[in-house]
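What follows is one structure encoded as structure tokens, with my remarks underneath.
The values are calculated or read from the model by the stated rules, or taken from the named source; none is laboratory data. For clarity, every value in this text was computed on a predicted model and none was experimentally measured. Neighbour counts are summed over all protein chains in view; Cβ atoms, including those assigned to glycine, are modelled from backbone coordinates with ideal geometry.
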Amino acid sequence: MIETLLPLMSFAFVSSITPGPNNIMLTSSGIWFGFRRSLPHMLGITFGFGVLLALCAFGIGELVIAVPQLVLLLKAMGCAYLLYLAWQLRRMGVAGAGERAAQPMSFGAAALFQFANPKAWVMAVTGASAFMPMLHKLPGALAILVYCLVFCAINLPCVSVWAGAGAVLRRYLERPLWRMAFAAVMVLLTLYSALAIWF
């Protein structure tokens, strides 16, 4: 079993810790609201992604990916949200300390976003395809449970790092010049993520 879990944990870590829509959103949430107020956002990401993992482990993910119209819809939804996020992030460069965004993303909204997040779909479908066959010695439902729990146990600390980084950066971004520079970088990363969806 350990020879299966170690590659799964490695895949979960690399795919969860690398930049993507969730991590960019959490960094900005950490900056705007701090780590504690971003907790529902983090938990919502992991919960929603866990549901997506289970669906893909049951084979639904492959069905979705096989329908070009659904793939196009997912890409369009994810791209539209990232463009909206980039538009919101540009305010970071000009907003003062008292002009922050109204409230962090809720648990439910973060969970639902996973179904419009192309990176989450790629992670879930790739993970299910690669690792579910390796868990074949376990009964079907138990194999899916182990797969999802291991992935989510790795995912939550990884996404939390990004919110924590934002919270740490928060104190340094009171200076207008630093805030403008950082906002520009975040906007560019978000626009890149939106563009990368189509490739």
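Filter region 150-184 down to the residues that are part of a helix (DSSP H, G or I) and of a type in the set (D, E, K, R), then identify the one that is farthest from Ile17 (Cα to Cα). Even if it seems obvious, please write down each step before you answer.
First, pick out the residues of region 150-184 that are part of a helix (DSSP H, G or I): 150-174, 176-184.
Narrowing further to those that are of a type in the set (D, E, K, R): 170-171, 174, 179.
Values: Arg170: 20, Arg171: 23, Glu174: 27, Arg179: 24 Å.
My answer is Glu174.
Among (1) over 20 Å from the mean Cα position of the chain (by Cα); (2) modelled with pLDDT of 80 or more, there is one condition Arg175 misses while meeting the rest; what is its number?
(2)
Is there any pair with a first residue in region 133-145 that is under 15 Å from Cys56 (Cα atoms) and a second that is loosely packed, with under 11 Cβ neighbours inside 10 Å and β-branched (Val, Ile, Thr) whose Cβ atoms are under 9 Å apart and which are 6 or more apart or on different chains, and what are they?
Pairs that qualify, where the first residue is under 15 Å from Cys56 (Cα atoms) and the partner is loosely packed, with under 11 Cβ neighbours inside 10 Å and β-branched (Val, Ile, Thr): there are none.
In region 171-188, which residues are of a type outside the set (Ser, Thr, Tyr) and surrounded by fewer than 18 Cβ atoms within 10 Å (Cβ to Cβ)?
Taking region 171-188 as the starting set, the residues that turn out to be of a type outside the set (Ser, Thr, Tyr) are 171, 173-188.
Result: Arg171, Glu174, Arg175, Pro176, Leu177, Trp178, Met180, Ala181, Ala184, Val185, Leu188.
Report yes if some residue within region 17-38 is aromatic (Phe, Trp, Tyr), assigned to a loop (DSSP other than H, G, I, E, B) and modelled with pLDDT of 80 or more; otherwise report no.
Yes, the conditions are met somewhere in region 17-38.
Please verify whether region 59-79 includes one or more residues that are within 12 Å of Asn155 (Cβ to Cβ), within 18 Å of the chain's Cα centre (by Cα) and in a helix (DSSP H, G or I).
No: zero hits.
How many of the residues making up region 134-145 are surrounded by fewer than 17 Cβ atoms within 10 Å (Cβ to Cβ) and outside any loop (DSSP other than H, G, I, E, B)?
5
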